[in-house]
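Some notes on the structure that comes next.
Values in this text are rule-based calculations from the coordinates and carry no lab data. Being a predicted model, the structure only gives us computed values, none of them experimental. Neighbour counts run over all protein chains shown; Cβ positions are idealised from the backbone, glycine included.
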Amino acid sequence: MTTVPSATPEQQAAILGWLDQQRPAMTELLRKIVNIDSGSYNKAGVDAVGRTIEEWFEAESIATDRVPHGEFGDCIRAHVSGGEGNQPIILMGHRDTVFPDGEAERRPFTVNGDIAYGPGVADMKAGLVMNAFVLAAFKRFGGAPYPLTGLYTSDEEIASPSSRPVIENEARNARVVFNAEPGRESGNVVTGRKGASFFKFVVNGVPAHSGGQHEKGISAIGELAAKITELHKLTDYEVGTTVNVGVVSGGNAVNMVAPQAMAGVDVRFKTMAARDAVWERITRILETAYVPGTTAEITESRGFLPLTQSPESKEIFDIYTRAGAEVGLTIGGEFSGGSADSGFTAQVGAPTVCGTGPVGGRAHTPEEFMRLDTMVPRAKTVALAIMRLGA
């Protein structure tokens, strides 16, 4: 590993001074990408957000490349040189949102004072913009103490089925990962997150006429009801594990013993050990036939890993919060029950701080908002933390 150059006072002043002037430009880029529908399954829309960001990087003479995908949006990487031979710093964010096509037209980007509204404005298009301007600041003023990679992923809102391998591959060699999920409404960042498993399972029974030959039927709905009762018993608030059957369907007709039923399940856990423990019990429930003659199988499964704060992550968190104090921010750490891509980076060993984006709230709702007055200070905090890492 080569020596890590420290930022000079002149470079620090230039970077922070330039960022101080960028709120209008940040707002304009944010307007452009919020006004593009980019639901996770809308590959064209997610890639259109990507092209807008690529064009902005091209104007800043920042090199980019793509990891293509046929079903979901491509992953985009932006590169700024510095401290060659050292492990890179990853500035990460996702381009997809939870909203359906047409949402951007129904309620486009709007501003009321210091508050911006629109689909995905906080979660997490503002973070994408902030990261872009941090990269540009180092590109303009002499590079960074470490190589910088801006990673713009495509499907986080559905647990990153295509992006996860890219994220983990990048993170395995990373010095630090700053994930620009929205800062909490308190101004804090996220130092811990639950992991999550989302799965669907199908129960198969035997159909029969419910009046004339009821005794010949085996009810898949009856079996599903028994399994739901057992699954919900796995919730343990003390250890932080929850199991929620949130979607059910089944049967063909009211006068037929149901031959099939389906459930969608959300499982949350704080640690990998807790995940393994709850999945052992889930497997046992799915394999047990409470109604003899039924069978069950998982048909779809994906999820997130938990974000836990390692000693190395705590060191980066401390550097980051001291950098925030230098620009007048009081930033703490807090735990979130929600999951994010930061769990993948933490579990492969990359020191990770999540929620470094501009402050916002009410994500995944029509009332989602982002505080425009936090874009520049949060960008300066990330930039200063990067410079302090090289000190």
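Structure above, values below:
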item: Checklist (1) in a loop (DSSP other than H, G, I, E, B); (2) in contact with a Ser or Thr (Cβ under 8 Å, 6 or more places away or on another chain); (3) within 26 Å of Gly349 (Cβ to Cβ) applied to His79, failing item; result: (1)
item: Residue satisfying condition, being closer than 30 Å to Ser342 by Cβ and either surrounded by fewer than 16 Cβ atoms within 10 Å (Cβ to Cβ) or among the hydroxyl-bearing types (Ser, Thr, Tyr) (or both), within set Glu238, Glu215; result: Glu238
item: Breaking point among (1) over 21 Å from the mean Cα position of the chain (by Cα); (2) free of Cβ contacts under 8 Å to residues at least 12 places away in the same chain, for Val376; result: (2)
item: Matching entry among Ala144, Ala180, Ala171 (being farther than 22 Å from Trp18 by Cβ and hydrophobic (A, V, I, L, M, F, W, C)); result: Ala171
item: Breaking point among (1) farther than 20 Å from Val382 by Cβ; (2) among the β-branched types (Val, Ile, Thr); (3) in contact with a His (Cβ under 9 Å, 6 or more places away or on another chain); (4) surrounded by fewer than 21 Cβ atoms within 10 Å (Cβ to Cβ), for Thr97; result: (4)
item: Residue check for Arg302: part of a helix (DSSP H, G or I) and under 30 Å from Glu230 (Cβ atoms); result: no
item: Filtered residues of segment 195-212 (kept if surrounded by 21 or more Cβ atoms within 10 Å (Cβ to Cβ) and either assigned to a loop (DSSP other than H, G, I, E, B) or of a type outside the set (Gly, Ala, Ser) (or both)); result: Phe201, Val203, Gly205
item: The listed residue being surrounded by 14 or more Cβ atoms within 10 Å (Cβ to Cβ), at negative phi, hydrophobic (A, V, I, L, M, F, W, C) and under 20 Å from the mean Cα position of the chain (by Cα), out of Val327, Val348; result: Val348
item: Residue among Val129, Val134, Val177 that alone is in a strand (DSSP E or B) and of a type in the set (Val, Ile, Thr); result: Val177
item: Matching residues in segment 307-347 - criterion: being over 30 Å from Ile158 (Cα atoms) and of a type in the set (D, E, K, R); result: Glu315, Asp318, Arg322, Glu326
